[in-house]
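Read through the structure below, which is laid out as structure tokens, and then see the notes.
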């Protein structure tokens, strides 16, 4: 029994790390521009698919990954430049529909480029499983967890200690005030979309050896990332990470002990319950309405 | 008379069209879907446009209505009308139960909760195979008959769904013009201020939510009888998003906007078929462009443009009043 729990925890944390990265991407864009970017999952798909394509073309894995990141960052820039910026001042629901339109557009483009086939990368360092206390870990699981920890720490460090990170945070507090102290708000917005796209691309590259990818793989990952960000309390990076890991573990335990068909239902039911008890997520702040 | 003049015009067009084109595919097949979408979008618009509460799970109520009708008529041989009413009662109860906790949430949290609810209901449709037929769906659903007049041809269905949709539009127009309608709009403006004026904002939100849900259930039952078949695919997260898009694309807080959005988004995929592989790309691009350049929605933005034109040509004439 305890073996099973350990095994489910391992797969839960692996998937949860990916949700956390996607959720973190949501948080960065939300903080910078008050937009819930429903095209976030598409970053993951584009990152994964272009890494596979470059790798198939004979480019060494590490360079293929870097190129895939650059492609995705460019997509992120384009999203900000051509979809979000021109719609400045639109209502929340309008921006939601714009990002949904963008995600459909990107999915359509992916369908044209890659067709409906499934793609995968070879695992980064072999498929030899490691046995620990009755559970099995694939090297790729370790890659996912390890790089996620690195990325998350880097992002948190970036926002806490660098001037650039603080400038982005200043924009998220108040655009006008940030402009007044000499921050180029437009540039910071562009940067946050790029950063968010890069996180998405890396999440995609990390998970594609385990789960495969296709042109519509971004939808579910995007949804889960959104759920992670909301569960933790939107706008709070730590919340997104906690929410992502929790969601991954819940799903994995639900699939293992109750029913794999109902695993998403279990996860969403728990999210609903959490929201009923804490309407602003686990780590979110209560928002006061002003009249 | 003046307030409802748009409605009379719409009814006239909707009922004359089949006289001119009785066998037109776009009218009697796609048109039936458009009218069902109108019922859904007009209901959702009451909740989203007028009351300001987003719902990304509205397809769940549509599905609950459809499956209630499908299961009760095929597995329990219930009369289609009774099955439809049972579905509406079931949805009334479920909507009432979840509305209170869900509508306490705001903004993105509300979006998340309704999204989660929609996905849970969809998974239940897929998983309860013994009852719902699982992913393969449920067929052989009988059709409706109205006092011996069986609704068994495309054109008859067109009349039934069109009249239902017109009824829904009339209901929505009248509701919004009433005292409750003003309460609903006040809650949208500011819940706090509405409470100050003695409006029970929670009760108002719950009422609109339940009303929209029951309307969706009604549309779902019609859908099940018209298709004679239901499967979970029709009630997924994507359909919820599509409904929201209809409301926003047409123009929020406008009943005619919702009607316009529903018609447009039903016909758009039919027209985009010519783009073949590029269909999805073009669809996404249209959605983005419309929302970027007309954030108020097509119907309202076009209305403003017309008013502007009118002003330019007849500068002394008073501009037209607010749209309903």
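Counting only helices (runs of 4 or more DSSP H) wholly contained in region A:202-291, the ones carrying 3 or more residues that are more than 9 Å from chain B (Cβ to nearest Cβ) and crowded, with 19+ Cβ neighbours inside 10 Å occupy A:218-232, A:237-257. For residue B:27, the stated conditions do not hold, so it cannot be described as more than 20 Å from the chain's Cα centre (by Cα) and surrounded by fewer than 23 Cβ atoms within 10 Å (Cβ to Cβ). For region A:74-83, the criterion of a residue being farther than 24 Å from residue A:145 by Cβ, within 14 Å of chain B (Cβ to nearest Cβ), in contact with a helix residue (DSSP H, G or I) (Cβ under 6 Å, 6 or more places away or on another chain) and without any contact (Cβ under 8 Å) to a residue 60 or more places away in the chain is satisfied by at least one position. Checking each residue in region A:126-145 for being under 17 Å from residue A:204 (Cα atoms) and either within 14 Å of chain B (Cβ to nearest Cβ) or touching a helix residue (DSSP H, G or I) at 6+ places or on another chain (Cβ under 8 Å) (or both) picks out A:140, A:141, A:143, A:144, A:145.
Of all residues in region B:177-198, those satisfying the criterion of being in a loop (DSSP other than H, G, I, E, B) and within 14 Å of another protein chain (Cβ to nearest Cβ) are B:190, B:197. Is it fair to say residue B:252 is touching a residue at least 12 places away in the same chain (Cβ under 8 Å), closer than 19 Å to residue B:62 by Cα and within 14 Å of chain A (Cβ to nearest Cβ)? No. With respect to the conditions (1) in contact (Cβ under 8 Å) with a residue 60 or more places away in the chain; (2) closer than 22 Å to residue A:239 by Cβ, residue A:150 falls short on a single one, namely (1).
A residue that is over 18 Å from the mean Cα position of the chain (by Cα), on the phi < 0 side of the Ramachandran plot and either part of a helix (DSSP H, G or I) or more than 14 Å from chain A (Cβ to nearest Cβ) (or both) occurs somewhere in region B:52-69. Among the residues of region B:268-298, those identified as assigned to a helix (DSSP H, G or I), touching a residue at least 24 places away in the same chain (Cβ under 8 Å) and within 14 Å of chain A (Cβ to nearest Cβ) are B:287, B:290, B:291, B:298.
Conditions (1) under 21 Å from residue B:38 (Cβ atoms); (2) part of a helix (DSSP H, G or I), marked per residue:
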{"residue": "B:91", "(1), (2)": "yes, yes"}
{"residue": "B:97", "(1), (2)": "no, yes"}
{"residue": "B:105", "(1), (2)": "no, no"}
{"residue": "B:110", "(1), (2)": "no, yes"}
{"residue": "B:119", "(1), (2)": "no, yes"}
{"residue": "B:124", "(1), (2)": "no, yes"}
{"residue": "B:141", "(1), (2)": "no, no"}
{"residue": "B:161", "(1), (2)": "yes, yes"}
{"residue": "B:165", "(1), (2)": "yes, yes"}
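The lone criterion from (1) part of a helix (DSSP H, G or I); (2) exposed (fewer than 15 other Cβ atoms within 10 Å of the Cβ); (3) free of Cβ contacts under 8 Å to residues at least 12 places away in the same chain left unmet by residue B:77 is number (1). All told, residue B:124 falls short of being more than 20 Å from residue B:228 (Cβ to Cβ), within 21 Å of the chain's Cα centre (by Cα) and within 10 Å of chain A (Cβ to nearest Cβ). For region B:127-139, the candidate set comprises residues that are more than 7 Å from chain A (Cβ to nearest Cβ) and part of a helix (DSSP H, G or I); within that set, the residue that is surrounded by the fewest Cβ atoms within 10 Å (Cβ to Cβ) is B:130. Whether a residue is in contact with a helix residue (DSSP H, G or I) (Cβ under 8 Å, 6 or more places away or on another chain), touching a residue at least 24 places away in the same chain (Cβ under 8 Å) and either within 14 Å of another protein chain (Cβ to nearest Cβ) or in a loop (DSSP other than H, G, I, E, B) (or both) was assessed, and residue B:224 does not pass this test. Just for region A:45-73: of the residues that are touching a strand residue (DSSP E or B) at 6+ places or on another chain (Cβ under 8 Å) and closer than 18 Å to residue A:25 by Cβ, which one is nearest to the other protein chains (Cβ to nearest Cβ)? Among those that are touching a strand residue (DSSP E or B) at 6+ places or on another chain (Cβ under 8 Å) and closer than 18 Å to residue A:25 by Cβ, it is A:45.
Computed from the coordinates by the stated procedures, all read-outs in this text should not be read as laboratory data. As the structure is a computational prediction, the values presented were derived from the model and not from experiment. Neighbour counts run over all protein chains shown; Cβ positions are idealised from the backbone, glycine included.
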